[in-house]
Amino acid sequence: MATFYENTLQQIQRAGEIMDLNKNAEMVLSQPQRIVQVNFPVKLDNGEIKIFTGFRIQHNNAAGPYKGGIRYHQDVNIDEVKALASLMTLKCAVVDLPLGGAKGGITMNPHDYSKDELERITRTFVQMIEPFIGPDTDVPAPDVNTDEKVMAWIADEYSKLSEKNVVGVVTGKPILYGGSQGRFDATSKGGLFVLEELLKKLGKDPKGLTVAIQGYGNAGSNMANLMAADGFKVVAVSDSHGGLHCPHGLDALATMECKIKEGSVENCGGSEYQPTDGDTCEKISNEELLELECDVLVLAALENQITKENADKVKAKIVLELANGPVSADGDHILEKNGVIVVPDVLANAGGVTVSYFEMVQNKQNFYWEAEEIEEKLKKNMGKSWNNVAEAKEKYKTTYRMAAFIVALRRLQDILVLRGTV
Ligand code: GLU
């Protein structure tokens, strides 16, 4: 099976062929510019010393400072981070941000460590990558299993090392400490906005459309809330432990509160959490959730969830990629053949990095915008990007993924030519 990075390269190549991408530009974009791997010791609460491995991979900065999240997960590896860094370059280009692409991560299961340990791990990681990051060079952000608390530690540690206050070194910070209004649910808001545009084009009303959501972290849980408020019927959700299927629709907010208490959404089917209507909820596995009969399948967990093994079993008519790389290249071909519309990650989840960009701008000017202003700017940018992608789709008679890649690659190619790189 092709690796995640090989998959991403294949997709760049395919889009490059359709649009006749300059071969030199393709060559430049087929390698990350810098790979930083660090191995560092941290003292655990019990006195034991453990070595951790972390990465920061800077894919391309032709369009502006490197930008992209940092994830904490036991499966973090160099191939994955390379793929995610390339997707960030493309994502920023699809939504026309003056930013490049990077990604980072530490190979560990954060649930195995105490809060104090996580703080020490984060701060030591920052000490190791400090020469490579900064508000004008590379600006990390939250990703899988990292949140505003982790971002505050990063900004604080970096500021100490710099002997001045440098909140602009990361985005996704708490509002009290240089964060932006609207950052916490920006990924989901952007995704919902794009989905609504697609439904308009298809002449469908969101009201009553059934939705299954894989992943109940920041993106998945906020998406469930926003979709329910918008009239969609969220019938199934899942997290890394398992899933819950409530055919009559579930209460997204109560499920979020329950997950914090009970550890997993799979334990949230009781009548104290869900509306009953005479119908009951049942536990399902993550695999079963992907194959449920529904109108929209939202993928908000990890990469490689729909592959050639299960793509034929997907019954949803629309797949929205809130996660990065949740559909493999092979899986994508099968969905395309079966007429399933895939809204690709580089567009569907770009709301997050868009508001991160607004956070960078606010940090630079040290003047902060109201929530309404952020929302308006986000909608405007997502709307413009949707139109560009929809136009490219018509022009090249291709999928939304290829159209989004074409929009991104065209912009990157133009910048590389202007800068005299190719
Ligand atoms: N981790 C998010 C992503 O994959 C956000 C990146 C950012 O805000 O820099 O898009």
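Per-peptide packing, taken as the mean over residues of other Cβ atoms within 10 Å, places 45-58, 282-295, 227-240 in the sequence 227-240, 282-295, 45-58 from highest down. Extending 7 Å from the Cα toward the beta-carbon at both LYS115 and ASN310 defines two label points whose distance is 3.4 nm. Remark on the chain: CYS92, CYS294 stand apart, with no other cysteine beta carbon under 4.7 Å. The value given for the chain is a Kirkwood hydrodynamic radius of 21.7 Å, derived from the mean inverse Cα-Cα separation.
For ALA2 and LYS337 in one chain, what is 0.36 nm times their gap in residues minus the Cα-Cα distance, to one decimal in nm?
Values: separation 335, 0.36 × 335 = 120.60 nm, distance 1.98 nm.
Once the chain is fully extended between ALA2 and LYS337, it gains 118.6 nm.
Considering only DSSP beta bridges where both residues belong to region 205-252, give the percentage that are antiparallel (nearest 5). Bridges in region 205-252 are about 40 percent antiparallel. Considering only DSSP beta bridges whose two residues both sit in the chain, what percent are antiparallel, to the nearest 5? Expressed as a percentage, antiparallel bridges in the chain total about 45. One chain, two ends: LYS397 and GLU272. Fully extended at 0.36 nm per residue, the span grows by 40.1 nm beyond their Cα-Cα distance. Exceedance of the 31 Å cut-off in Cα-Cα distance is limited, within the set LYS173/LYS315; LYS173/LYS380; LYS204/LYS377; LYS261/LYS384, to LYS173/LYS315; LYS261/LYS384. For the pair GLU48 and VAL417, a Förster radius of 56 Å applied to the C-beta separation gives a FRET efficiency near 0.55, rounded to the nearest 0.05.
For GLY269, the shell of other residues with beta-carbons less than 9 Å away shows a net charge of -1, using +1 for Lys and Arg and -1 for Asp and Glu. Projecting label points 7 angstrom from Cα along Cα→Cβ for PHE132 and ARG34 puts them 0.8 nm apart.
Average the reciprocal distances over every distinct pair of alpha-carbons in region 146-242, invert the result, and give the Kirkwood radius in Å.
Values: mean 1/r = 0.0647 Å⁻¹.
One over the average 1/r among Cα pairs gives 15.5 Å for region 146-242.
For the pair GLU17 and ASP230 in one chain, pulling the backbone fully straight at 0.36 nm per residue adds 72.8 nm over the alpha carbon distance. For region 120-169, trypsin sites (Lys or Arg not before Pro) are listed when DSSP marks them as loop and at most 11 other Cβ atoms sit within 10 Å of their Cβ; the list is LYS164.
In the context of the full set of protein chains, residues of region 327-422 present 44 Å² of accessible surface per residue (probe radius 1.4 Å, heavy atoms only). Modelled spin labels at LYS149 and ASN77, positioned 7 Å past Cα toward Cβ, are 3.0 nm from each other.
The largest accessible area among HIS59, HIS73 belongs to the first residue in HIS73, HIS59, and the rest follow in falling order (1.4 Å probe, all chains). Using just its DSSP H runs of length 4 or more, each adding -39500 (n - 2.57), the chain gives a mean residue ellipticity at 222 nm of -14500 deg cm²/dmol after division by all residues.
Against the compact-protein benchmark of 2.2 N^0.38 Å, the Cα-based radius of gyration of region 104-161 scales to 1.07. In terms of accessible area, using a 1.4 Å probe and ignoring ligands and nucleic acids, PHE367, PHE40 rank largest first as PHE367, PHE40.
The values are calculated or read from the model by the stated rules, or taken from the named source; none is laboratory data. No experiment lies behind these values; they were computed from the predicted model shown. Virtual Cβ from ideal backbone geometry, glycine too; neighbours counted across all protein chains shown. Each accessible area value is taken on the protein alone, full model and side chains, heavy atoms only, with ligands, DNA and RNA left out. Shrake-Rupley method; radii C 1.70, N 1.55, O 1.52, S 1.80 Å.
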